[in-house]
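So that we are looking at the same thing, I have put the structure below in structure tokens.
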Amino acid sequence: MFARHHVFDEGWVPEDLHSRDGELQALAQVLDDLARGWRAPQPVLLSGPPGAGKTASARYVLHDLEETTAVRTALVDAWTAHKPYQTFAAILQELGKAGLVQPQTPHSVLRDRVRDATPDSGVVVVLDEADQLDDPGLLRDLDAMTGIAVVAIVNDEQGFRDRLDRTSSTVDWRESIPFGPYSERELVDILRPRASRGLQISYSRTGALQEVAARAQGNARVAIQGLRAAAEHAHEKDHRAIEVADVEAGVEAAVEQIRRKTRSRLQRHERIVFEALEELGESQLGAVYDEYVSRIGGEDARGRRRVSDYLGKLESYNLVVAEGEKRGRTYRVLSSGTVSGSV
């Protein structure tokens with residue numbers, strides 16, 4: 001069934017990313033300033049829906065920098081390392097300078113440790129899911145350090161900028177690279193090298209790649225995991241090739257797997273907002289906020305605007321769907337098996 005299973009892993013990056021040539025060139029051009037010895041590179045903001053290739057593109061450029069220059073790189077998942085001490089610890093770990101970092105360690109000490117760990121050749125720090133950071137002021141601190149280029153990856157650029165403005169954590173994001181959903185042809189191009197290297201079962205004569213791409217609605221993550229699951233389904237059914245029924249079952253299974261994984265990674269406040277909406281059914285922000293406060297307690301509750309941010313994140317992760325505009329906007333938990341355009 002599988003010749004090389006690892007080509008379906010999220011961390012696997014192929015030799016080329018032709019479908020993102022423009023975005024790769026734009027990111028590489030900005031970071032080239034650091035490679036050339038300029039010690040104050042511009043911070044870069046990568047934005048777009050999940051599955052649009054933001055993280056894969058960042059990994060590709062970081063790998064090239066590590067291979068061809070003396071620049072060091074650090075890729076940090078801010079969803080799991082969202083507390084300031086966790087973020088600093090993850091950066092130090094990536095730079096090979098790991099040490100004892102505790103929640104009570106002063107931020108000034110952690111900043112100094114990162115500064116001391118930065119080589120003369122410079123460091124590119126990529127913060128994936130940067131909108132999950134508890135303290136977005138950390139971005140400003142990193143950007144102020146000589147020799148560090150900051151790359152932030154987010155889903156909603158405007159929502160991210162609005163939050164930074166509200167918390168007085170503004171960074172001069174003059175370099176912004178948007179990523180839109182993939183076209184069906186681009187998704188087929190993404191799937192083809194994985195299929196040729198990773199699958200032993202036939203897929204070409206049935207048009208399996210095209211079928212997967214048509215159902216993934218622009219999301220590479222759904223397409224890749226959908227193809228993997230379709231191959232598994234075909235194997236279970238003793239099919240000689242991946243058929244349309246296998247693709248249908250595979251994509252549905254992939255969407256559910258991604259959704260379950262996403263839900264398991266929700267931070268405490270996000271999880272409580274989600275559970276509140278799940279209990280309420282379709283509701284407006286005010287009702288969701290009241291239920292959230294009653295569940296978490298007034299002392300620990302975040303503000304109404306922050307809960308609105310959480311709902312936006314849940315929507316971008318295909319857990320929640322929003323309908324309507326402004327005050328009339330309602331939210332509801334997305335039903336199982338549904339693929340939205342923002343998966």
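So which of 190, 224, 272 is aliphatic (A, V, I, L, M), touching a Lys or Arg at 6+ places or on another chain (Cβ under 6 Å) and in a helix (DSSP H, G or I)?
272
In the list 247, 222, which residue meets the criterion of being more than 30 Å from residue 28 (Cα to Cα), open to solvent by less than 50 Å² (accessible area, probe 1.4 Å) and of a type in the set (Val, Ile, Thr)?
Sole residue among the options that is more than 30 Å from residue 28 (Cα to Cα), open to solvent by less than 50 Å² (accessible area, probe 1.4 Å) and of a type in the set (Val, Ile, Thr): 247.
Among all residue pairs at least 6 apart or on different chains, which show Cβ distances below 7 Å where the first residue, located in segment 184-195, is open to solvent by 20 Å² or more (accessible area, probe 1.4 Å) and the second is small (Gly, Ala, Ser)?
Between residues of segment 184-195 that are open to solvent by 20 Å² or more (accessible area, probe 1.4 Å) and residues that are small (Gly, Ala, Ser), the close pairs are 184/213; 184/214; 186/19; 189/19; 190/19; 190/220; 190/223.
Follow-up. Any residue in segment 32-61 that's at pLDDT below 90: show its pairings with residues that are open to solvent by 30 Å² or more (accessible area, probe 1.4 Å) and not aromatic (Phe, Trp, Tyr) at Cβ separation under 7 Å, as long as the two are six or more apart or on different chains.
Matching pairs, first to second residue: 35/69; 39/146; 40/146; 41/33; 42/174; 42/175.
Let me ask something else. With the condition kept exactly as written, say whether any residue in segment 207-218 is under 26 Å from residue 54 (Cβ atoms), open to solvent by 10 Å² or more (accessible area, probe 1.4 Å), assigned to a helix (DSSP H, G or I) and modelled with pLDDT under 95.
Checked against the condition, which is being under 26 Å from residue 54 (Cβ atoms), open to solvent by 10 Å² or more (accessible area, probe 1.4 Å), assigned to a helix (DSSP H, G or I) and modelled with pLDDT under 95, segment 207-218 yields no hits at all.
Next question, about the same structure. Look at residue 203 and say whether it is aromatic (Phe, Trp, Tyr), farther than 23 Å from residue 84 by Cβ and within 20 Å of the chain's Cα centre (by Cα).
No: the conditions fail for residue 203.
Looking only at segment 155-172, count every residue that is open to solvent by less than 60 Å² (accessible area, probe 1.4 Å), closer than 11 Å to residue 140 by Cα and outside any helix (DSSP H, G or I) and tell me the total.
Result for segment 155-172: 2.
Considering (1) assigned to a loop (DSSP other than H, G, I, E, B); (2) open to solvent by 30 Å² or more (accessible area, probe 1.4 Å), say which one residue 261 fails and leave the rest.
(1)
Search segment 125-147 for residues that are assigned to a helix (DSSP H, G or I) and pair each with any residue that is at pLDDT below 90 and of a type outside the set (A, V, I, L, M) when their beta-carbon atoms are under 6 Å apart and the residues are at least 6 apart or on different chains.
137/169; 140/169
Determine whether residue 316 is out of contact with any Leu (no Cβ under 6 Å at 6 or more places or on another chain), open to solvent by 30 Å² or more (accessible area, probe 1.4 Å), at pLDDT below 95 and of a type in the set (S, T, N, Q).
No, not satisfied.
A follow-up question, please. Which residues, taken from segment 15-47, are surrounded by 15 or more Cβ atoms within 10 Å (Cβ to Cβ), in a loop (DSSP other than H, G, I, E, B) and out of contact with any strand residue (DSSP E or B) (no Cβ under 6 Å at 6 or more places or on another chain)?
Residue satisfying the conditions is 17 alone.
Which one is surrounded by the most Cβ atoms within 10 Å (Cβ to Cβ) among residues in segment 53-94 that are of a type in the set (Phe, Trp, Tyr) and closer than 20 Å to residue 106 by Cβ?
88
The values are calculated or read from the model by the stated rules, or taken from the named source; none is laboratory data. Keep in mind that what you see is a predicted model, and the values were worked out from it rather than measured. All Cβ positions, even for glycine, are placed from backbone atoms using ideal geometry, and neighbour counts span all protein chains on display. Side chains included, ligands, DNA and RNA excluded: accessible areas come from the protein's heavy atoms. Shrake-Rupley method; radii C 1.70, N 1.55, O 1.52, S 1.80 Å.
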